[in-house]
1. Within segment 95-111, is there a residue that is touching a residue at least 24 places away in the same chain (Cβ under 8 Å), in a helix (DSSP H, G or I) and closer than 21 Å to Val202 by Cβ?
2. Got a sec? Which of Asn205, Asn214, Asn219 is farther than 19 Å from Ala275 by Cβ and touching a Phe, Trp or Tyr at 6+ places or on another chain (Cβ under 7 Å)?
3. Quick check, is Tyr110 in contact with a helix residue (DSSP H, G or I) (Cβ under 6 Å, 6 or more places away or on another chain), of a type in the set (Phe, Trp, Tyr) and open to solvent by 70 Å² or more (accessible area, probe 1.4 Å)?
4. Within segment 231-244, restricting attention to residues that are in contact (Cβ under 8 Å) with a residue 60 or more places away in the chain and open to solvent by less than 50 Å² (accessible area, probe 1.4 Å), which residue is farthest from Asn219 (Cα to Cα)?
5. State yes or no: is Gly227 in contact with a helix residue (DSSP H, G or I) (Cβ under 9 Å, 6 or more places away or on another chain), open to solvent by 30 Å² or more (accessible area, probe 1.4 Å) and not acidic (Asp, Glu)?
6. Does Ala9 fit the bill of being surrounded by fewer than 15 Cβ atoms within 10 Å (Cβ to Cβ) and over 25 Å from Ala130 (Cβ atoms)?
7. List pairs: first residue in segment 245-272 and closer than 23 Å to Thr33 by Cβ, second residue modelled with pLDDT under 95 anywhere in the structure, Cβ distance under 6 angstrom, at least six positions apart or on different chains.
8. Where residues in segment 57-69 are open to solvent by less than 40 Å² (accessible area, probe 1.4 Å) and not small (Gly, Ala, Ser), which of them is nearest to Thr99 (Cα to Cα)?
Amino acid sequence: MFKNLNVRALGHKATFEETVKLASEYGFAGVDTDLDYAKEHGVAAVKSLLAGHKLKLGGFSLSVKWREGDSDRDFAESLGNFTTECKIAAELGVTRCNTYVWPASNTLSYHEHFKRFVTRMKPVAQILNAYGQSLGLEFIGPRTMRASQKHGFIHTMDGMRAAAAAIGTGNVGFLLDCWHWYTAQSTVSDIEQLDAKEVIYVHINDAPKGVGVNDQVDNKRELPVTGVIDLKGFFGALRKIGYEGPLTVEPFNQPLRDMKLDAAVKAASVALDAALKL
């Protein structure tokens, strides 16, 4: 596992060059891929910048228009640009793509949603497979995210693992966020039952104290310092199965957003270091 920086996950903005410099200064081993920067400056320039700061790349985000509000035409047309991005990512040596999956719908029943989801994810996963890449899917755990919606959808580890099996391409697994793992009331043994290749990417954060697990609100998280989430068990399980990928801090925390960028990056680095020592 390696410390990976994504400043947007901290609620901030920065250029790719600024992100690389901050990651190097504050003890990160990697940064996420900026494909727009690679398209503008070229793969060689990206590799040179990273080598100069002794960093590697973590993952890249799924750009395909696959969600409920996207038309079949928009979905089909977006696959072309995505194929180009996968080619660039492959040239950079990046093998991890990821996205989140909304856990509810007011219009689609679970069965309809599942069928649509699998139908759209399969060609996405096939494109990634052709470039030796994997797709990490993030389930959204909090009950509060589903409570106001008519139909629930995938929001647990078992549900997402079943979806990956239904997609059936062999390169689909988890973007495993410890917040969603906690709010879905998953266990350490749930992680230990996975194969390392099923965990594509990992988000790290913590929950506020004094709030019950069923009442946690998704955009009110903490840096990994409160001790509410069993991070010792979480990291222990990832080590046990042999996960070697990125660890990215994603706290959705207003005080962190209010900090200056370098202070926020430093705070995230210090908190992650401490959590890894638990």
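The values are calculated or read from the model by the stated rules, or taken from the named source; none is laboratory data. Note that the structure is a prediction, hence the values are computed from the model and not measured. When we count neighbours, we look across all protein chains shown, and the Cβ atoms used for this are built from the backbone with ideal geometry, even at glycine. Just the protein is used for accessible areas: all its heavy atoms, side chains included, with ligands, DNA and RNA removed. Shrake-Rupley method; radii C 1.70, N 1.55, O 1.52, S 1.80 Å.
1. There is no residue in segment 95-111 that is touching a residue at least 24 places away in the same chain (Cβ under 8 Å), in a helix (DSSP H, G or I) and closer than 21 Å to Val202 by Cβ.
2. Details: Asn205 fails: farther than 19 Å from Ala275 by Cβ; Asn214 fails: touching a Phe, Trp or Tyr at 6+ places or on another chain (Cβ under 7 Å).
So the residue among Asn205, Asn214, Asn219 that is farther than 19 Å from Ala275 by Cβ and touching a Phe, Trp or Tyr at 6+ places or on another chain (Cβ under 7 Å) is Asn219.
3. Values: in contact with a helix residue (DSSP H, G or I) (Cβ under 6 Å, 6 or more places away or on another chain): no; of a type in the set (Phe, Trp, Tyr): yes; open to solvent by 70 Å² or more (accessible area, probe 1.4 Å): yes.
It is false that Tyr110 is in contact with a helix residue (DSSP H, G or I) (Cβ under 6 Å, 6 or more places away or on another chain), of a type in the set (Phe, Trp, Tyr) and open to solvent by 70 Å² or more (accessible area, probe 1.4 Å).
4. Tyr243
5. Working: in contact with a helix residue (DSSP H, G or I) (Cβ under 9 Å, 6 or more places away or on another chain): no; open to solvent by 30 Å² or more (accessible area, probe 1.4 Å): yes; not acidic (Asp, Glu): yes.
Against the criterion (in contact with a helix residue (DSSP H, G or I) (Cβ under 9 Å, 6 or more places away or on another chain), open to solvent by 30 Å² or more (accessible area, probe 1.4 Å) and not acidic (Asp, Glu)), Gly227 does not qualify.
6. Numbers: surrounded by fewer than 15 Cβ atoms within 10 Å (Cβ to Cβ): no; over 25 Å from Ala130 (Cβ atoms): yes.
Judged against the criteria, Ala9 is not a match.
7. Going by the 6 Å Cβ cut-off, the qualifying pairs are Phe252/Asn219.
8. If we filter segment 57-69 for residues that are open to solvent by less than 40 Å² (accessible area, probe 1.4 Å), which is where we start, we get 57-60, 62, 64, 66.
Okay, now just the ones that are also not small (Gly, Ala, Ser), so 57, 60, 62, 64, 66.
Numbers: Leu57: 17, Phe60: 9, Leu62: 6, Val64: 10, Trp66: 10 Å.
Filtering first and then ranking leaves Leu62.
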